[in-house]
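Enquirer: Quick one: this structure, given as structure tokens, is what I'll be asking you about.
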């Protein structure tokens with residue numbers, strides 16, 4: 001067994017283990033952290049396929065940004081665990097049925113001729129100067145330029161829609177106006193009052 | 001020595017490769033950890049002088065052994081784990097915090113030949129690793145079971161996610177100028193005097209990158225994550241002894257890393273500023289000298305600026321830095337493709 005194979009089996013095993021822990025562990029914060037582990041080990045598997053760009057972007061986007069926000073929300077929500085566990089036995093049969101069906105479907109699809117060794121030959125190892133990043137960029141901006149641009153546009157629309165949905169002016173919320181804050185003068189905030197000295201009233 | 005070499009050649013290949021790699025890693029890590037120790041000393045001394053104090057001067061001549069004494073003290077202190085803290089995550093957080101800070105050094109070229117690993121996607125690797133550092137902070141805040149620590153963690157998470165975007169866009173500009181993700185090639189593209197450094201064509205991106213770097217490392221004036229006056233010590237308020245020291249080391253290793261990266265991408269890396277007899281000075285000297293210069297700014301900032309308010313930090317990140325980087329990327333692209341001045345940006 002070569003080193004690459006050893007690395008592949010190791011990272012694949014870690015991925016499967018982490019993915020299993022995500023759904024079985026009780027603590028939601030730990031589940032999110034196991035999801036991070038699953039992402040990182042999946043990225044390592046991609047590295048063994050010489051797809052270093054995709055691997056690093058997976059870590060950058062999912063681990064570095066998406067999961068941070070995910071953890072943020074999970075920690076803030078303080079989810080009640082016992083409530084989540086309540087329906088477990090009730091849903092077990094139907095959930096198990098769906099799982100078995102999905103495994104069967106995948107087995108049927110993957111055992112067809114389309115996925116045989118003849119149709120999908122083993123990818124050849126690339127030469128020394130091969131750069132996955134350059135190759136991907138070239139393909140995305142030449143051959144797949146229209147699908148790529150359309151995907152970008154859909155994302156942009158989604159971003160604007162998400163912001164438009166959450167951005168609502170509530171009358172009771174106070175907003176800061178940085179321009180006003182910067183241009184504020186002392187006279188706007190403090191008023192100096194001239195007055196005569198107070199004298200303590202004599203007791204006698 | 002000769003005997004040792006002949007002995008080594010008789011070993012299998014992978015043992016030799018592993019041994020040489022470990023030796024190289026140690027060659028980077030040991031000076032780095034020493035630099036971390038003495039950065040803390042430099043910080044205390046410099047801020048001392050800026051505030052007309054003397055700073056530490058008791059341990060050793062002029063206080064030179066102060067960091068060693070600090071390390072010894074922290075090593076011998078008890079690590080207290082708070083009641084109801086999540087034990088494993090509590091102890092894992094410092095490790096998660098220092099691992100990316102050290103691992104990122106694998107792709108940093110110290111001179112044209114001295115680099116541990118010539119990764120083609122080096123810039124992406126750096127970006128990915130610096131974004132991982134936030135996990136240590138978040139997990140520490142959550143696992144401590146303390147509201148101060150948790151508040152610090154939440155602030156830090158929001159801040160790092162915001163500034164990472166600006167940082168990434170600033171690096172896109174560098175990538176356009178250099179035409180490569182390889183840090184060695186980015187540095188090589190700036191050869192020939194200080195006028196060829198990317199500092200000039202990418203000046204706005206340089207500013208954005210450096211300030212985002214200060215924010216990303218949770219340093220003053222962006223240190224709301226540990227703001228002493230509000231949150232005691234923020235996310236690491238419950239940590240003591242070596243666990244605290246590891247957080248401390250991670251912070252300083254990150255500062256040095258950001259300084260080194262700024263040097264690499266904007267200040268001409270190991271190239272001498274003018275093409276005279278300066279080029280006879282070894283490239284490593286230039287690299288370390290420039291890094292130390294950038295590092296000085298981190299300490300200077302801390303002594304100079306008051307802390308930003310939380311909403312000001314968010315505004316600066318999202319509404320100022322990100323638009324600046326987007327506009328400048330467009331400007332760089334326009335100049336490279338549509339005008340004869342493209343060579344200014346290369």
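The values are calculated or read from the model by the stated rules, or taken from the named source; none is laboratory data. Every value quoted in this text rests on a predicted model; they were computed, and no experiment measured them. Cβ: placed from backbone, ideal geometry, glycine included. Neighbour counts: every protein chain shown.
Enquirer: State all residues of segment B:135-157 that are part of a helix (DSSP H, G or I), closer than 16 Å to residue B:247 by Cα and more than 11 Å from chain A (Cβ to nearest Cβ); if no residue qualifies, say none.
Expert: B:136, B:140, B:149, B:152
Enquirer: Determine, yes or no, whether residue A:58 is within 12 Å of chain B (Cβ to nearest Cβ), modelled with pLDDT under 85 and in a helix (DSSP H, G or I).
Expert: no
Enquirer: Let me ask you something else. When you go through A:148, A:143 one by one, which is the residue that is touching a helix residue (DSSP H, G or I) at 6+ places or on another chain (Cβ under 6 Å) and more than 14 Å from every other protein chain (Cβ to nearest Cβ)?
Expert: A:148 is the lone residue from the list that is touching a helix residue (DSSP H, G or I) at 6+ places or on another chain (Cβ under 6 Å) and more than 14 Å from every other protein chain (Cβ to nearest Cβ).
Enquirer: Please tell me if residue A:109 is farther than 28 Å from residue A:48 by Cβ, surrounded by 10 or more Cβ atoms within 10 Å (Cβ to Cβ) and at pLDDT 75 or above.
Expert: no
Enquirer: Separate question: Which residues, counting only those in segment A:152-183, are surrounded by 10 or more Cβ atoms within 10 Å (Cβ to Cβ) and outside any helix (DSSP H, G or I)?
Expert: A:176
Enquirer: Right, next: For segment A:31-41, name all the residues that are under 17 Å from residue B:124 (Cα atoms) and more than 10 Å from chain B (Cβ to nearest Cβ).
Expert: A:39
Enquirer: Another one. From the list B:94, B:61, B:82, B:56, which residue is at pLDDT below 85 and more than 13 Å from chain A (Cβ to nearest Cβ)?
Expert: The unique qualifying residue is B:82.
Enquirer: Sticking with this structure for a sec: Answer with yes or no whether residue B:207 is modelled with pLDDT of 85 or more, within 27 Å of residue B:38 (Cα to Cα) and assigned to a helix (DSSP H, G or I).
Expert: Yes: the conditions hold for residue B:207.
Enquirer: Something else now. Say we look at segment B:112-134 and pick out the residues that are free of Cβ contacts under 8 Å to residues at least 40 places away in the same chain and assigned to a helix (DSSP H, G or I); which of these is farthest from the other protein chains (Cβ to nearest Cβ)?
Expert: Out of the qualifying residues, it is B:129.
Enquirer: If you don't mind, there's one more thing I want to ask. Tell me, please, whether a residue that is modelled with pLDDT under 90, closer than 22 Å to residue B:195 by Cα and within 14 Å of another protein chain (Cβ to nearest Cβ) can be found in segment B:311-318.
Expert: There is no residue in segment B:311-318 that is modelled with pLDDT under 90, closer than 22 Å to residue B:195 by Cα and within 14 Å of another protein chain (Cβ to nearest Cβ).
Enquirer: Additional query: Restrict the check to segment B:174-190 and report whether at least one residue is modelled with pLDDT of 85 or more, more than 11 Å from every other protein chain (Cβ to nearest Cβ) and within 23 Å of residue B:254 (Cα to Cα).
Expert: yes
Enquirer: Please specify each residue of segment B:235-248 satisfying the condition of being in a helix (DSSP H, G or I) and either surrounded by 24 or more Cβ atoms within 10 Å (Cβ to Cβ) or without any contact (Cβ under 8 Å) to a residue 40 or more places away in the chain (or both).
Expert: B:235, B:236
Enquirer: Now, a different point. Between B:288, B:257, which is away from chain A (no Cβ under 14 Å) and modelled with pLDDT of 90 or more?
Expert: Every option except B:257 fails the conditions.
Enquirer: Exactly one of these conditions fails for residue B:268: (1) surrounded by fewer than 24 Cβ atoms within 10 Å (Cβ to Cβ); (2) not in a helix (DSSP H, G or I). Give me its number.
Expert: Condition (1) is where residue B:268 drops out.
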